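Worksheet: the structure to be examined is printed underneath.
The values are calculated or read from the model by the stated rules, or taken from the named source; none is laboratory data. Given the structure is predicted, the values throughout are model-derived calculations rather than measurements. Here the Cβ positions follow ideal geometry from the backbone for every residue, glycine too, while neighbour counts run over all protein chains shown. When the accessible area is computed, the model is the full protein with side chains, heavy atoms only, and any ligands, DNA or RNA have been set aside. Shrake-Rupley method; radii C 1.70, N 1.55, O 1.52, S 1.80 Å.
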Amino acid sequence: MPGRIHTTGRMMYAKALALAVLGSYAWMQITRFFSLPAPIPIYGYYLIWGLMLLAVIAAFIRSKLQTLEMTNDGVTSRTGIINVKTRFVPFSKVDNVRMERNIFDRIFMVGTIRVDTLASSGMEISMSEIPSRDLEEALNFIQSRIHGGRHDGVPPDRG
């Protein structure tokens, strides 16, 4: 299963759409209770939907720039476009790996994978919005590497 996994922008797309709908509703209420000159209400809708479009574009770019790469040596996460952050954790240093999925993650079929090392006090690698099909494969691959090819009866965290 060594390979590269890209995150999705599903949650950010949904947030952008929800904010646009709520913003449109709020703007509708404002224009209803205050008398504004004729072109201002239309420009407000253009602004709200333009910001939603920017949020969708940002989600698309973010989804293409966040990767989780697994090799036979370890796990590497890469994020960013201008300020690129790369973290590499060799399997020999991995203490714990888990996946997390809340109700919204389940709806959008995504999840978060967290890799903890022996030396750190917190999570060394945390990558969210990974597609569910890739999430379980990544979790099983990492667990098989840190347990020396056997699971010792440790089931993957389905949380």
Worksheet item: Is it true that some residue in region 20-35 is modelled with pLDDT under 80 and either under 30 Å from Ser63 (Cα atoms) or open to solvent by 90 Å² or more (accessible area, probe 1.4 Å) (or both)?
Response: yes
Worksheet item: Restricting attention to region 18-30, does a residue exist that is within 16 Å of Ser128 (Cβ to Cβ), touching a residue at least 24 places away in the same chain (Cβ under 8 Å) and polar (S, T, N, Q)?
Response: no
Worksheet entry | Residue identified as modelled with pLDDT under 80, within 19 Å of Arg133 (Cα to Cα) and either open to solvent by less than 30 Å² (accessible area, probe 1.4 Å) or part of a loop (DSSP other than H, G, I, E, B) (or both) among Met99, Met1 | Met1
Practice prompt. Go over the candidates Ile57, Ile82 one by one and state the one that is β-branched (Val, Ile, Thr), surrounded by fewer than 15 Cβ atoms within 10 Å (Cβ to Cβ) and assigned to a helix (DSSP H, G or I).
Written response: Ile57
Worksheet item: Counting only residues that are more than 16 Å from Thr117 (Cβ to Cβ) and assigned to a strand (DSSP E or B), how many does region 60-79 have?
Response: 4
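A quick yes/no check of all residues on (1) farther than 15 Å from Leu139 by Cα; (2) among the β-branched types (Val, Ile, Thr):
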| site | (1), (2) |
| --- | --- |
| Gln66 | yes, no |
| Thr79 | yes, yes |
| Arg98 | no, no |
| Ile103 | yes, yes |
| Met109 | yes, no |
Practice prompt. Tell me, yes or no, whether region 31-42 has at least one residue that is closer than 30 Å to Glu137 by Cβ and of a type in the set (Ser, Thr, Tyr).
Written response: no
Worksheet entry | Candidate set from region 6-36 (those that are of a type in the set (Ser, Thr, Tyr) and in a loop (DSSP other than H, G, I, E, B)); member that is nearest to Ile48 (Cα to Cα) | Ser35
Discussion item. Filter region 124-156 down to the residues that are loosely packed, with under 15 Cβ neighbours inside 10 Å and modelled with pLDDT under 60 and list them by number.
Written reply: Gly149, Arg150, His151, Asp152, Gly153, Val154, Pro155
